[in-house]
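Structure provided below as structure tokens; questions to follow.
The values are calculated or read from the model by the stated rules, or taken from the named source; none is laboratory data. Every value quoted in this text rests on a predicted model; they were computed, and no experiment measured them. When we count neighbours, we look across all protein chains shown, and the Cβ atoms used for this are built from the backbone with ideal geometry, even at glycine. Quick note on the areas: whole protein, heavy atoms, side chains included, nothing else; ligands and nucleic acids left out. Shrake-Rupley method; radii C 1.70, N 1.55, O 1.52, S 1.80 Å.
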Amino acid sequence: MANTICFANNKGGVGKSTTCAAIGQAWARMGKKVLFIDLDSQANLTSMISPLDPDQHPLTIRDAFIDKNNFTIEKVDDQIDLVPSELALSNFDRDTAGVTGREYLLLDLLKSVQSKYDFILIDCPPALGLITYNALIASNHLVMVSTADGLSYQGMVMIANLYKDVTNSDRLNPKLMLTGVIITRYEKNKLSEMYLSKISEELGPALITPVVHKATKIAQAASFRQSIFDYDPEGKATNEYIEIAHKLALRILSDE
């Protein structure tokens, strides 16, 4: 059965989608079969992973939430598959208003495909709503992604509180593990050092090093819809993501 990992922060712009993509692509290069689930209506992960233009996806995760018979997985390459997102996913609350147990919609969808993958990676929206609840309930592991600054730290704290709510309830997902905290876009200065120290003190066992340093080519790779491993294979940030991917995989597999 696949290990299912959700990547989350309540604040946007922290490199969450980039990190989700990089980790999954690194695992695919290790020979693992990977499924990406894009739960963010901004569809940044979809744009990074899929060769299709945003309006070319016949069905998205939104369609599957409305009708499970529309659950469609797109093949990206031999190792990577994708369930894309779209802007209309922002209507989730309205689309599912009459659905009983709608916090379990993603879990129910994934049950039929878990045996086909080594890892399922879920990119959460920067929000604490029902879509993020779906991700946490459907996952084995939570990875929080943050930059080393005050707003991003607060966003991570809010996700950590949501994690406590989910794991403290026998009806939700008491087996969910906080498996990693990844710091991205790092620039060494007094403020970032202060927040990195704070995160290390409060979440030390979960923190995965190295931090990922800010790199223009990481942003360029996303803009050009290329993997960082193809666009900047020798880059410092690329190699940091490779090291993090190895360490995260070891943590996940040691918990099996």
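Starting at the first residue of the range 199-207, write each ³J(HN,Hα) from the Karplus equation 6.51 cos²θ - 1.76 cosθ + 1.60 with θ = phi - 60°, in whole Hz, x for Gly and Pro.
5, 5, 5, 8, 10, x, x, 8, 5
Moving on to the next point. Using alpha carbons only, how many angstrom separate the centre of the range 216-243 from the centre of the range 7-66?
Spelled out, the Cα-based centre of one part sits 16 Å from the other.
Oh, and also: Say R0 is 25 Å: what FRET efficiency, to the nearest 0.05, do residue 223 and residue 94 get from their beta-carbon distance? Intermediate results must be reported in sequence, preceding the final value.
Working: r = 32 Å, r/R0 = 1.27.
Once rounded, the FRET efficiency stands at 0.20.
Give me, ordered by chain and number, the residues 5 or more places off residue 178 or on other chains with an amide H under 5 Å from its own placed amide H.
For residue 178, the qualifying residues are 142.
Taking a threshold of 30 Å on the Cα-Cα distance, which of the pairs 175/247; 68/247; 33/190; 116/217; 33/188 fall above it?
Working: 175/247 21 Å; 68/247 35 Å; 33/190 41 Å; 116/217 33 Å; 33/188 36 Å.
Among 175/247; 68/247; 33/190; 116/217; 33/188, the Cα-Cα distance tops 30 Å for 68/247; 33/190; 116/217; 33/188.
Continuing with this model, one more query. Which one, 90, 57, 80, projects farthest toward the positive side of the charge dipole computed for the range 55-96 from Cβ point charges (K/R +1, D/E -1)?
Checked the options; the winner is 90.
Determine the percent antiparallel among the DSSP beta bridges restricted to the chain, to the nearest 5.
Antiparallel: roughly 5 percent of the beta bridges in the chain.
Continuing with the same structure: Which whole-number percent gives the relative contact order of the chain, counting Cα pairs below 8 Å spaced six or more residues apart?
Numbers: 483 pairs, mean separation 65.5, N = 256.
Across the chain, relative contact order equals 26 percent.
Now, a different point. For residue 121, list long-range residues whose amide hydrogen, built 1.01 Å from N in the peptide plane, is under 5 Å from its own amide hydrogen.
Those lying under 5 Å, H to H, from residue 121 are 5, 35, 36, 37.
Net charge near residue 67: determine it from the other residues with C-beta under 14 Å of the C-beta of residue 67, scoring Lys and Arg +1 and Asp and Glu -1.
Working: positive: 62, 68, 102; negative: 63, 95, 108.
Once all neighbours under 14 Å are counted, the net charge is 0.
Something else: Among the trypsin sites (Lys or Arg not before Pro) in the range 139-185, which ones are in a DSSP loop with at most 16 other Cβ atoms within 10 Å of the Cβ? Mind listing them?
171, 175
If I take every Cα pair under 8 Å that is 6 or more residues apart in the range 76-192, average their sequence separation and divide by the length, what percent do I get for the relative contact order?
Worked out over the range 76-192, it gives 24 percent.
Here's something else I'd like to know. Using alpha-carbon pairs under 8 Å, 6+ residues apart, how would you state the relative contact order of the range 13-102 in percent?
32 percent
So, one more: When the chain is fully extended, how far beyond the present Cα-Cα distance does residue 69 get from residue 255, taking 0.36 nm per residue of separation? All intermediate terms of the calculation are to be shown ahead of the outcome.
On the way: separation 186, 0.36 × 186 = 66.96 nm, distance 3.30 nm.
Length difference between fully extended and current span is 63.7 nm.
Given the options 62, 225, 29, state which has the largest fluctuation in a GNM of the chain using a 10 Å cut-off (strictly under) for Cα springs.
29
A further question on this structure: Which whole-number value in Å² is the accessible area per residue of the chain, probe 1.4 Å?
Result: 45 Å² per residue.
Something else: Which percent of the accessible area of the range 103-165 is formed by carbon and sulfur heavy atoms (probe 1.4 angstrom)?
Numbers: 1130 of 2060 Å².
So the carbon and sulfur contribution to the accessible surface is 55 percent.
Any idea which of 205, 48, 235 is furthest toward the positive side of the dipole for the chain, if Lys and Arg beta-carbons carry +1 and Asp and Glu beta-carbons -1?
Checking the options against the dipole of the chain, the answer is 205.
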